[in-house]
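Visitor: Have a look at the structure that comes next, please.
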Amino acid sequence: MSVVLACAWQPRGELHRLRRYFTRLQSIYDGGIVISLRNGDPDQVAVCAALEELALPYEFYYGWSGRHTCVRLGLTTTATHVHYVDMDRLVRWVELRPDELKQLVERVQMVDSLVIGRTPAAYQTHARTLIETEALPNMVFSQYLGRQMDFAAGSRGLSRRAAELVLSHTSEANSLALDVGWAVLVHRAGMTWDYVEVNGLDWETADRFREIAADSAAQRALAAEEDADIRNWSHRVWVSKEILRGGLEAMLQPIDPAYATAHLPDESLTNER
C-alpha cells in the first residue's frame, strides 16, 4: 500500500518552509505529493515555478477551496490511499511534529476513511471564533456517528474507493463537505472508518509569512486579535453553517449501489444510540 499527499493551497508565505521540509515530506509519502493551487494569487508565478522545479503535480482551483481538485488529482497516481491536508497546516505539522505525521500516514492505510481531529491541547491553541462555532457541527455529527469527534481540522485519510465515493457524491461548490459530509457518506456506504487526534494540527494561522512556525505566545496574541473582531465571528458562523449543510446533504444523498459495501437503513438524527 502507499499514500499520496493531497494539499489545497492558498499561499500565505509558506513556500520557503515547504522547500525546507520537502525532502522530509518525500520520505513520509511514498505515493507522491499533489497540490491544488488557488488561481490568481499574487505569488502564483513564483509558487508555480517552485512546484515545477520540485516536480510536484498541481492544478488550479477557482472556488473557495481546492479540496476536491487535489483529491481528484491524487487519484491519478497509483497510490492506494490519499491523505488530504490543508497546506498551511501540513507545513506546520511536518516542521514541528514529523514523527507524529509519519505515524499518522501509516494509520491512514488501515481504513477507508480516517477522520483526523485535534487533541484538546491542540484545539485550545485556536481562536475562540473557531472553537465556539465548530462546537455545533462537532456535537451534531458526533451524535450521528456515535463517537465524540472533531471534524473541522482540515485533514482526512481516504482509500481510493472512499475518495471516489465522496468526489462523486458531493459538490465542489461546498468544499466544507469534507468536514462532516465525507464522514457521513463513508459511514452510510458501510465502508470502514476510524478517528484519531493529533497535536500537529494546532493553530497554523499565526505562521503566515514567518520564517519558522509561530510559538504559543504568537498563537495567543493572534487569537485575541481575531476574537476581538466581530467580522471574524460572522465568518466562522457562516463556515459552521456550511459544514452543517454539507453533513445534512450527505445524510440525504442517495448512495450509488456500486459503492455500498453493506445494506444500511436510512438514518436520522432522531435515531436512538
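Each reported figure results from applying straightforward, stated rules to the coordinates on display, with no laboratory input. Computed from a predicted structure; not experimentally measured. Every residue, glycine as well, gets a Cβ built from its backbone with ideal geometry; the counts of neighbours run over all protein chains shown.
Visitor: Which trypsin sites (Lys or Arg not before Pro) in the stretch 120-165 pass both tests, a DSSP loop state and at most 16 other beta-carbon atoms within 10 Å? Write down the numbers at each step before the final one.
Guide: Working: sites: 128, 147, 156, 160, 161; in loops: 147.
Counting only loop positions with at most 16 other Cβ atoms within 10 Å, the trypsin sites (Lys or Arg not before Pro) in the stretch 120-165 are 147.
Visitor: Hey, another quick one. For the stretch 25-156, what value does the Rg/Rh ratio take when both radii are computed over Cα atoms and Rh is the Kirkwood radius, given to two decimals?
Guide: Looking at the stretch 25-156, the ratio lands at 0.97.
Visitor: Expected output is a single nm value to one decimal: the length gained when fully extending between residue 253 and residue 64, i.e. 0.36 nm times separation in residues minus the C-alpha distance. What is it?
Guide: 65.8 nm
Visitor: Still on this structure: Mind jotting down the three principal axis lengths of the stretch 60-130 based on Cα atoms? Whole angstrom, largest first.
Guide: Between the extreme Cα coordinates on each principal axis of the stretch 60-130 lie 37, 32, 22 Å.
Visitor: Per DSSP H run of n ≥ 4, the term is -39500 (n - 2.57); total these for the chain, divide by its residue number, and report the mean residue ellipticity at 222 nm rounded to 500 deg cm²/dmol.
Guide: For the chain, the value works out to -14500 deg cm²/dmol.
Visitor: Taking 25 Å as R0, compute the FRET efficiency from the Cβ-Cβ separation of residue 106 and residue 78 and round it to 0.05.
Guide: Approximately 0.85, to the nearest 0.05.
Visitor: List the chymotrypsin sites (Phe, Trp or Tyr not before Pro) within the stretch 1-63 that fall in a DSSP loop (any state other than H, G, I, E or B) and whose Cβ has at most 13 other Cβ atoms within 10 Å.
Guide: 62
Visitor: What number results when the radius of gyration of the stretch 3-252, computed over Cα atoms, is divided by 2.2 N^0.38 Å?
Guide: In units of the globular-protein estimate, the stretch 3-252 measures up at 0.94.
Visitor: Which length gain, in nm to one decimal place, applies between residue 229 and residue 26 when the Cα-Cα distance is subtracted from 0.36 nm times their residue separation?
Guide: Difference between extended and current length: 69.1 nm.
Visitor: Using 0.36 nm times the number of residues separating residue 10 and residue 245, minus their current alpha carbon distance, what extension gain do you get?
Guide: Contour length minus the Cα-Cα distance gives 82.2 nm.
Visitor: Under a GNM of the chain (C-alpha, springs under 10 Å), which listed residue has the highest mean-square fluctuation: 205, 261, 69?
Guide: 261
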